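*Asks:* Got a structure for you, questions after.
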Amino acid sequence: MSSFIEFKHIHFKYQQGEDWALKDVSFHIEDNEWVAIIGHNGSGKSTIAKLMNGLLFPQEGEIRVQDLVVNEETIWDVRKKVGMVFQNPDNQFVGTTVVDDVAFGLENHGIPREEMITRIDNSLRAVNMEDYYNHEPHRLSGGQKQRVAIASVLAVAPELVIFDEATAMLDPKGRATIMETVQQVRETKNVSIVTITHDLNEVTFADRVIVMNEGKVWFEGTPREVFKQHEELQKIGLDTPFVTQVSRVLESKGINLVKEPINHKELMDELWTLYSIK
Amino acid sequence: MSNSFIIGQYVPGSSIVHRLDPRTKITIIFFFVIIIFFANNLLSYGVLAFFALLSMFTTKIKISYILKGLKPVWFIVIFTFILHLLVTKDGEVLFSIFSFEVYSGALYKGLEISLRFTLLILMTSLLTLTTTPISITDGVESMLNPLRKIHFPVHELALMMSISLRFIPTLMQETEKISKAQASRGVDFRTGKMKERIKAVVPLLVPLFVSAFKRAEELAMAMEARGYNGGEGRTKFRELKLQRVDAFIFIFSALILVVFFFTRV
């Protein structure tokens, strides 16, 4: 079975004479997989997102989405398969009301009106925004706007949804609802997910994590494996989550946990079972 | 800024006028604007005034609210009236104030122009009072559609209008934010000479423009990511359908038009 998306030795720079933003990047994403791409500012993670649906093109290398090579001719087909939620909630809201915004993507793809109505209904329900049908964007909070953006992407029925720092401009509450929505989407829809973030707390739900540093793939593995790289992560400018810090401190005191915890519950489970396991 | 901020002056309601198709309203007003220049006696003006007042009452919007909306225009109406009194020299002299002689023709002409003005503004403001800006946009797009044949960018124009409408509140919020930020840095927008106050606007406008350009760029990228590829092959979610009520109002307006032409001299 072939991967959903494949990056083959991608080189990319924004302008002639500049340094490479991406240097020889290769990776793949499988069907129904949740991959988190992390890295600090300027590590090239957002560039990857824009390459995935043809907003940018690489200077060297080849990107494949299923059987399509991403280039000028295929971008419209690629964009049907790959949806994207951006960082700024305001600057991706095109319609004058919620329902118009969700309709925008469907209109672009020439979906007949009758089908639009059911698709809009379903996708707004999937993000719990069905009560805000006729709301204008300025009457919604940032988190609500992002949920509408997710609904707009889902309505087109893509096979991969990219979240390009979709929670970066939200307050903690909005952030939590968006992460919940993403998990809900993953459980109910048949889609692959790519979350791009610099917040390590958000990668715990992913199947696989790709850590970017200075335009290169620096590490690839499960969240648990990534968190074990505690000190190296800090060296490349990423803050590790609280639970990882706790387990590192315990380790330095000579208390080794059996399993690397990735969230609060796992940490607590490790702690209260520690004595009996010994 | 309140949360219920509404673009334009639209007043929600469910009257017949509210429920009319925007195209019906635009067409009727378009013809009204032309027809009013054919009125030439008291009775024909009476017919038009009757039509305008009838429309006004059917909207069920408070009369005081409608009149309040006309406030800024009163000045122009009165100004043209006075100008006519002073300039036009037709008919006989009615009376004279100081050395100015007021002619009867001037009085009639002045009254006529003022009445025309008032009716025009009343009718057009009824359109914006009973129709949301977005459905006006839809109406305009649908009516301009035939022009596509001569490569007139109808879809682009409509999209431009709806995006501007969508971003008016956003940019207003932003203006407020920037003006507070600048005020906290000591920029004074409220006092001082005219020249100084105009100067104070510069630190408000520059950041606003910069951010508007940034927004435009990001919005364009988001639209592209969602598959926007110009008007070709696009379907429309908003749909305009003429109802029975539209036909009824059309016939009624046509009858008024016939009556109008009989009353002319």
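The values are calculated or read from the model by the stated rules, or taken from the named source; none is laboratory data. No experiment lies behind these values; they were computed from the predicted model shown. Here Cβ is always computed from backbone atoms with ideal geometry, including for glycine, and neighbour counts include all displayed protein chains.
Listed here are the residues, each with its yes/no results for (1) more than 14 Å from chain A (Cβ to nearest Cβ); (2) surrounded by fewer than 14 Cβ atoms within 10 Å (Cβ to Cβ).
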{"residue": "B:154", "(1), (2)": "yes, no"}
{"residue": "B:162", "(1), (2)": "no, no"}
{"residue": "B:183", "(1), (2)": "yes, no"}
{"residue": "B:188", "(1), (2)": "yes, yes"}
{"residue": "B:192", "(1), (2)": "yes, yes"}
{"residue": "B:200", "(1), (2)": "yes, no"}
{"residue": "B:203", "(1), (2)": "yes, no"}
{"residue": "B:211", "(1), (2)": "no, no"}
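*Asks:* Residues B:222, B:254: which one is part of a helix (DSSP H, G or I) and within 14 Å of another protein chain (Cβ to nearest Cβ)?
*Replies:* B:222
*Asks:* Further question: Search the stretch A:123-142 for residues being within 22 Å of the chain's Cα centre (by Cα) and away from every other protein chain (no Cβ under 12 Å), and hand back the single one that is surrounded by the fewest Cβ atoms within 10 Å (Cβ to Cβ).
*Replies:* A:125
*Asks:* Let me ask something else. When residue A:148 is evaluated against the numbered criteria (1) out of contact with any Pro (no Cβ under 9 Å at 6 or more places or on another chain); (2) more than 10 Å from every other protein chain (Cβ to nearest Cβ); (3) not acidic (Asp, Glu), which criterion, by number, is the only one it fails?
*Replies:* Every listed condition holds for residue A:148 apart from (1).
*Asks:* Let me ask something additional. Filter the stretch A:108-122 down to the residues that are within 7 Å of chain B (Cβ to nearest Cβ) and among the hydrophobic types (A, V, I, L, M, F, W, C) and list them by number.
*Replies:* A:111, A:116
*Asks:* Mind checking which pairs have a first residue in the stretch B:173-198 that is in the same structural domain as residue B:215 (by TED's automatic domain parsing) and a second that is of a type in the set (Ser, Thr, Tyr), Cβ under 9 Å, 6 or more apart or different chains?
*Replies:* Note: pairs meeting the criteria are B:174/B:211; B:178/B:211; B:187/B:179; B:189/B:179; B:197/B:191.
*Asks:* Now a separate question. For the stretch A:55-68, which positions are among the hydrophobic types (A, V, I, L, M, F, W, C) and at pLDDT 90 or above?
*Replies:* Of everything in the stretch A:55-68, those that are among the hydrophobic types (A, V, I, L, M, F, W, C) and at pLDDT 90 or above turn out to be A:55, A:56, A:57, A:63, A:65.
*Asks:* Kindly indicate whether any position in the stretch A:189-199 is in a helix (DSSP H, G or I) and in contact with a strand residue (DSSP E or B) (Cβ under 9 Å, 6 or more places away or on another chain).
*Replies:* no
*Asks:* So, one more: Taking the residues in the stretch B:225-251 that are among the charged types (D, E, K, R) and over 25 Å from the mean Cα position of the chain (by Cα) as candidates, determine which candidate is farthest from the other protein chains (Cβ to nearest Cβ).
*Replies:* Across the stretch B:225-251, the extreme among qualifying residues is B:244.
*Asks:* Does any residue in the stretch B:70-88 that is assigned by TED's automatic domain parsing to the domain that holds residue B:100 and farther than 21 Å from residue B:122 by Cβ come within less than 7 Å, Cβ to Cβ, of a residue that is part of a helix (DSSP H, G or I) and aliphatic (A, V, I, L, M) six or more places away or on a different chain, and which pairs are these?
*Replies:* B:85/B:106; B:85/B:107; B:88/B:106
*Asks:* Could you list, ordered by first residue, the pairs with Cβ atoms under 8 Å in which the first is in the stretch A:234-248 and outside any loop (DSSP other than H, G, I, E, B) and the second is among the hydroxyl-bearing types (Ser, Thr, Tyr), at least 6 apart or interchain?
*Replies:* Every condition considered, the pairs that remain are A:234/A:240; A:248/A:240.
*Asks:* Determine which single condition residue A:96 fails, assuming it passes every other condition in (1) among the polar types (S, T, N, Q); (2) surrounded by 19 or more Cβ atoms within 10 Å (Cβ to Cβ); (3) farther than 23 Å from residue B:136 by Cβ.
*Replies:* Looking at each condition in turn, residue A:96 falls short on (3).
*Asks:* Sticking with this structure for a sec: Quick check on the stretch B:225-236. Is at least one of its residues outside any loop (DSSP other than H, G, I, E, B), surrounded by 15 or more Cβ atoms within 10 Å (Cβ to Cβ) and at pLDDT 90 or above?
*Replies:* Yes - at least one qualifying residue is present in the stretch B:225-236.
*Asks:* From the list A:169, A:179, which one is part of a helix (DSSP H, G or I), over 24 Å from residue B:155 (Cα atoms), more than 9 Å from chain B (Cβ to nearest Cβ) and among the aliphatic types (A, V, I, L, M)?
*Replies:* Selected residue: A:179, the only one of A:169, A:179 that is part of a helix (DSSP H, G or I), over 24 Å from residue B:155 (Cα atoms), more than 9 Å from chain B (Cβ to nearest Cβ) and among the aliphatic types (A, V, I, L, M).
*Asks:* To continue, here is another question. Which residue, of B:96, B:114, B:55, B:44, is assigned to a helix (DSSP H, G or I) and without any contact (Cβ under 8 Å) to a residue 60 or more places away in the chain?
*Replies:* Of B:96, B:114, B:55, B:44, the one residue that is assigned to a helix (DSSP H, G or I) and without any contact (Cβ under 8 Å) to a residue 60 or more places away in the chain is B:114.
*Asks:* Moving on to the next point. Going by what's in this entry, would residue A:53 be described as away from chain B (no Cβ under 13 Å) and closer than 30 Å to residue B:169 by Cβ?
*Replies:* The answer is no for residue A:53.
*Asks:* Same structure, new question: Are any residues in the stretch A:249-278 of a type in the set (D, E, K, R) and more than 27 Å from the chain's Cα centre (by Cα), and if so, which ones?
*Replies:* A:251, A:253, A:269, A:270, A:278, listed by residue number.
*Asks:* Pull up the stretch A:63-107, narrow it to residues that are within 16 Å of residue A:120 (Cα to Cα) and of a type in the set (A, V, I, L, M), then point me to the one that is nearest to the other protein chains (Cβ to nearest Cβ).
*Replies:* A:103
*Asks:* So, one more: Taking residue A:199 as meeting all but one of (1) under 13 Å from the mean Cα position of the chain (by Cα); (2) over 19 Å from residue A:104 (Cα atoms); (3) surrounded by 18 or more Cβ atoms within 10 Å (Cβ to Cβ); (4) not basic (Lys, Arg), write down the number of the exception.
*Replies:* Condition not satisfied by residue A:199: (3).
*Asks:* For the stretch B:154-199, which positions are over 16 Å from residue B:216 (Cα atoms) and small (Gly, Ala, Ser)?
*Replies:* Once the filter is applied, which keeps residues that are over 16 Å from residue B:216 (Cα atoms) and small (Gly, Ala, Ser), the stretch B:154-199 yields B:158, B:179, B:181, B:183, B:184, B:186, B:192.
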